[in-house]
């Protein structure tokens, strides 16, 4: 039993790490591509309704809490610790590795920028919406997937049966 739980934990950690690695790689490659190809403050039309920009964000996703500095860093680290703790305590939870990998990959991608440059590179601009990046998308969808994994249809049905 203990051996099976350990094997399950290792497998789910490996899956989450793979997802996090893919998100991190995509995030860093796109940010470096934008930084090399678009001057800070410049805009380039990409697709109808989508503009590529090069902006520096000192806040969190979608420029919230700009200038938060140490507070943003501390909040991010605490949130990651709570998420990873829950993940490691519940390796049997189906699909939990997906949002965990998405959230960790996105958070680490933005943390790398924040620590190396003091700000995060955002580059995707939609009409009437703040600029964002791949890490922000991964974090946003990671939260939605986490909510679905924790509270999705299967879990509500089993709660009703209790």
Identify, please: which residue in the stretch 119-140 is surrounded by 16 or more Cβ atoms within 10 Å (Cβ to Cβ) and part of a loop (DSSP other than H, G, I, E, B) and is, among those, modelled with the lowest pLDDT?
-> 119
Of 99, 94, which residue is in a helix (DSSP H, G or I), under 15 Å from residue 147 (Cα atoms) and at pLDDT 90 or above?
-> 99
Condition check for residue 24: under 20 Å from residue 102 (Cβ atoms) and either loosely packed, with under 15 Cβ neighbours inside 10 Å or at pLDDT 95 or above (or both) = yes
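Per-residue answers, yes or no, for (1) touching a residue at least 12 places away in the same chain (Cβ under 8 Å); (2) more than 30 Å from residue 51 (Cα to Cα):
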{"residue": "78", "(1), (2)": "no, yes"}
{"residue": "83", "(1), (2)": "yes, yes"}
{"residue": "95", "(1), (2)": "yes, yes"}
{"residue": "98", "(1), (2)": "yes, no"}
{"residue": "101", "(1), (2)": "yes, no"}
{"residue": "107", "(1), (2)": "yes, no"}
{"residue": "122", "(1), (2)": "yes, no"}
{"residue": "139", "(1), (2)": "yes, no"}
{"residue": "153", "(1), (2)": "no, yes"}
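The values are calculated or read from the model by the stated rules, or taken from the named source; none is laboratory data. If you're wondering where the values come from, they're calculated on a predicted model, not measured in any experiment. FYI the Cβ positions are ideal-geometry reconstructions off the backbone, even for glycines, and counts take in every protein chain you see.
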